[in-house]
């Protein structure tokens, strides 16, 4: 079963890289061809609206269906979605492609998570989660670099690149059998999801705030280097690459069999280290220091996320796993547009470095609350796991 996990992991990684290439290319393409940042921004809006609208239905489907079949179909959907812009529909075709690809991307990520829950023994959850986190950093880094290379060197081969990668992902995601899970009906299971959410309210608030404050780096990155530091694009690129690079290394560290990394106090300490790094970026007047701080933030993210995510996988009841993870992701990811709007507004009235400094200061007392949340989550009983996947 572990061999199947790695096959599905490679499939997800390759598909994520292809999506990043697609995203980088068309964000650039729309700005150049249509001379509009607003129209380019609608790509992200289309992605977000589609993801929010379909996350729960997709989660329900994953609860009912063989997760590995959903994983396979997701790769096919993305391959189909990549072809739409080349059929001659212009800008509407690009947005339609983003919507279709979002369905595939959401289904891919959620079904892979469900496979971890159903197909692996509980003692492998931490390792599987660390690999999953690391693959996200790799796909971000490689996808951005390849996307830029496609723009500069071989844009005429974009469709061939995307289809080659996505079809490789299809081949790697050939499904296997899964044992059926007994269900009680959509309404009852939705009520069960709501009751479970009440148990983890603190964790949801924790995830919302952390994700929201992290967005400040993405919103202000270009402004920090161009306006505050008067630094060139090389430093900005290094800063953007530092976070996923740190995530890759942090994921490798989190995969080590060190019990100290799993302790509640250690996780809270990592979270507390997040705040000083934001403060350093806010106070620093040196581009290199900001790049190093961004790397540190990327390094800490998996060290915090991996043990917490692995525990979340263990405690969610098997029959509502897809719906619960979908709603949880929507809730936490919902901080992205909200906090991006807040930070954009603040930037109009206050210096960028001052806002980042304030975000770091807010994180300091929040780390005390986080210690309580971590202890509460880690103290929850694991959900009863039914029979594993059939051969």
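Please treat every number below as a calculation from the coordinates, not as lab data. Computed from a prediction, not measured in an experiment: that's the story for all the values here. As a convention, Cβ positions derive from the backbone with ideal geometry for all residues, glycine included, and neighbour counts pool all protein chains shown.
Structure data summary
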quantity	calculated
For the chain, built as a Gaussian network whose Cα springs stay under 10 Å, the top-fluctuating residue of 299, 278, 377	377
Difference of contour (0.36 nm per residue) and Cα-Cα distance, residue 194 to residue 333	48.2 nm
Taking the chain and dividing mean pair separation by its residue count, relative contact order in percent (alpha carbons under 8 Å, at least six apart)	26 percent
Most mobile listed residue (366, 349, 112) in the chain, GNM with C-alpha springs under 10 Å	349
Likely footprinting exposure, 63, 290, fewest C-beta neighbours within 10 Å first	63, 290
Overall dimensions of the range 63-133 by Cα: Rg and Dmax, Å	15.3, 50
Most mobile listed residue (148, 81, 41) in the chain, GNM with C-alpha springs under 10 Å	41
At q = 0.22 Å⁻¹, base-10 log of I(q)/I(0) for the range 233-288 (Debye sum, equal scatterers on each alpha carbon)	-0.99
Label-point separation, residue 371 to residue 96 (7 Å along Cα→Cβ), nm	5.6 nm
For the range 2-178, diffusion coefficient by Stokes-Einstein and Kirkwood Rh (Cα), 20 °C, 1.002 mPa s, µm²/s	129 µm²/s
Computed FRET value (nearest 0.05) for residue 381 with residue 7, which takes r as the C-beta separation and R₀ as 25 Å	0.20
Linear extension gain, residue 154 paired with residue 262, 0.36 nm per residue minus alpha-carbon span	34.3 nm
Taking 144, 70 and counting other C-beta atoms within 10 Å, the order from fewest to most	144, 70
19, 28 arranged by Cβ crowding within 10 Å, fewest neighbours leading	28, 19
